[in-house]
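The values are calculated or read from the model by the stated rules, or taken from the named source; none is laboratory data. A quick note: this is a predicted structure, and the numbers were derived from the prediction, not measured. Positions of Cβ are backbone-derived with ideal geometry, glycine not excepted, and every protein chain shown enters the neighbour counts. Ligands, DNA and RNA are stripped out before the accessible areas are found, and what is left, the full protein with its side chains, is counted by its heavy atoms. Shrake-Rupley method; radii C 1.70, N 1.55, O 1.52, S 1.80 Å.
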Amino acid sequence: MAPNEKINAKAVLFDYDDTIMDVSDARNYARHVIAKELSLITDLSQEHILRIIKDVETWMESIGQFDRRVWFKEVAKALGIEIGIDEVNRLVRAYWDSWRLKSRLFPDVIPTLNELRRCGLKLGIVTNTDGEPGLKRDRIRSDGVGYLFDVIVVAGDDTKHVKPHPEPFTRALQILNMRGGDEVIYIGDRISTDVPGGAKAAGMYAGIIDRYYNIIDTGVHGHGDLS
Ligand SMILES: [Mg+2]
């Protein structure tokens, strides 16, 4: 987009975690809870288990695998321990309970969404699945923000492909009955999943927001808030 180019947008779509919801504490806390649980059944230190969890998390996210059952089976394998399916399920419940406990809405979200709504824009979420059908949508509902959006697409639950595939973005356009192009803007926090292959391929304008003031992977330095 050229500088000073005007966008005649009719809708703004958002990613969820790390864009709408501050989940930095949630992610850390959930990891620690699992590391502590696993440390009770092995001689390994929590620090070592934590490192393995982070490694598996990075690997799983890079291949679009969000099912924590798969994550924790891989963690157990890497630690050289055996855990049964009941234990895996218990860990998954503990993980998401911990995540929900610590995740919170970024304080600028409601004022920004209200302002966009006041300008006549439609609002939506395009987010990836939590790896279990219905879980992410339930999380959005119980976080108390679902009602703020005209469209919510959970990629991997509502579509075959997850982001960065364009399918979930295209699905949102279909529901909104919009064509993309200058009509729709997508805001996410990860260049790798949110921008080139996904939103832009679906014909949307796309922007990156850096909530934690990190230098994002390709060196683009975003803004810290939505306003
Ligand atoms: Mg995100």
Descending packing, highest mean Cβ count within 10 Å first, for 170-177, 52-59 is 170-177, 52-59
Can you pull the percent of the range 56-157's accessible area that's carbon plus sulfur, 1.4 Å probe, other chains left in place?
52 percent
Using +1 at the C-beta of Lys and Arg and -1 at the C-beta of Asp and Glu, which of LEU40, TYR16, VAL70 has the Cα lying farthest in the positive direction of the dipole of the range 1-112?
TYR16
With the dipole of the range 24-102 worked out from charges on the C-beta (+1 for Lys and Arg, -1 for Asp and Glu) around the Cα centre, which of MET60, ILE49, ALA94 lies farthest toward the positive end?
ALA94
Relative to the longest principal Cα axis of the chain, at what angle does helix 24-39 sit, 0 to 90 degrees, rounded to 10?
20 degrees
Output the relative contact order of the range 12-76, whole-number percent, from Cα pairs under 8 angstrom with separation of 6+ residues.
21 percent
For GLN174, net neighbour charge (Lys/Arg +1, Asp/Glu -1) across residues whose Cβ lies under 12 Å away
0
Rounded if a/c is under 1.5, else prolate if a/b is larger than b/c, else oblate: which is the chain, with a ≥ b ≥ c the root eigenvalues of its Cα gyration tensor?
prolate
Report the net charge of residues surrounding THR193, where surrounding means a beta-carbon distance below 10 angstrom and charges are Lys +1, Arg +1, Asp -1, Glu -1.
-2
Relative contact order for the chain: what is it in percent, counting Cα pairs under 8 Å that are at least 6 residues apart?
23 percent
Which length gain, in nm to one decimal place, applies between ARG179 and LYS36 when the Cα-Cα distance is subtracted from 0.36 nm times their residue separation?
46.6 nm
Which peptide among 155-162, 63-70 comes first, and what is the full order, when sorted by highest mean count of other Cβ atoms within 10 Å?
155-162, 63-70
Which angle from 0 to 90°, rounded to the nearest 10, does the C-alpha axis of helix 109-118 make with the longest principal axis of the chain?
20 degrees
Counting Lys and Arg as +1 and Asp and Glu as -1 over every other residue whose Cβ sits under 9 Å from the Cβ of VAL154, the net charge comes to -1
Which value, in debye to the nearest 20, describes the size of the charge dipole of the range 24-102 about its Cα centre when Lys and Arg Cβ atoms bear +1, Asp and Glu Cβ atoms bear -1, and nothing else is charged?
240 debye
Calculated from DSSP H runs of 4 or more alone, at -39500 (n - 2.57) each and per residue, what is the 222 nm mean residue ellipticity of the chain, nearest 500?
-13000 deg cm²/dmol
For the chain, find the longest principal axis of its Cα atoms and tell me its angle to the long axis of helix 68-79, 0 to 90°, nearest 10.
40 degrees
Once a ≥ b ≥ c are taken as the square roots of the eigenvalues of the Cα gyration tensor of the range 155-197, is the result rounded (a/c under 1.5), prolate (a/b larger than b/c) or oblate (a/b not larger than b/c)?
oblate
Beyond 19 Å (Cα-Cα) in this structure, taken from LYS36/LYS77; LYS163/LYS200; LYS77/LYS102, we find LYS77/LYS102
Classify the range 24-102 as rounded, prolate or oblate from the Cα gyration tensor: take a ≥ b ≥ c as the square roots of its eigenvalues, call it rounded if a/c is under 1.5, otherwise prolate when a/b beats b/c and oblate if not.
rounded
